[in-house]
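The values are calculated or read from the model by the stated rules, or taken from the named source; none is laboratory data. This structure is a prediction, so every number in the text was calculated from the model and none was measured. Every residue, glycine among them, receives a Cβ derived from its backbone with ideal geometry; neighbour counts consider all protein chains shown. These area figures cover heavy atoms from the full protein model, side chains too; ligands, DNA and RNA do not enter into them. Shrake-Rupley method; radii C 1.70, N 1.55, O 1.52, S 1.80 Å.
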Amino acid sequence: MANNVVELKVGLHCEECIKKILKAIKKIEDIETYDVDTQSNKVTVTGNITTEEVIKALHKIGKQATT
């Protein structure tokens, strides 16, 4: 299995946003680790996943994510 690292810029403005983002990320199949960096507004996800999958998961909760 390929192990990809997906790094995205996401607006992490409040606790609520962060909780929603974590919930969305945890639903993605085949993720291994994830990290939310509130300082640099970055989400890093590793696993057998694609950047598109992560962006799509975040779009579903109304979050814009860019590489």
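Here is how the numbers come out for the structure above:
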item	result
Cα-centred dipole magnitude for the chain, charges only on beta-carbon of K, R (+1) and D, E (-1), debye, nearest 20	300
Dipole of the chain, positive direction: furthest Cα of V43, N4, I61, with charges on the beta-carbon	I61
Fraction of accessible area attributable to carbon and sulfur, the chain (%, probe 1.4 Å)	47
Accessible solvent surface per residue of the chain, calculated while the other protein chains remain in place, 1.4 angstrom probe, Å²	67
MRE, 222 nm, helices only [DSSP H, n ≥ 4, -39500 (n - 2.57), over the chain, to nearest 500]	-10500 deg cm²/dmol
Sequence-distant residues sharing a close amide H with K42 (under 5 Å, placed H)	V10, D37
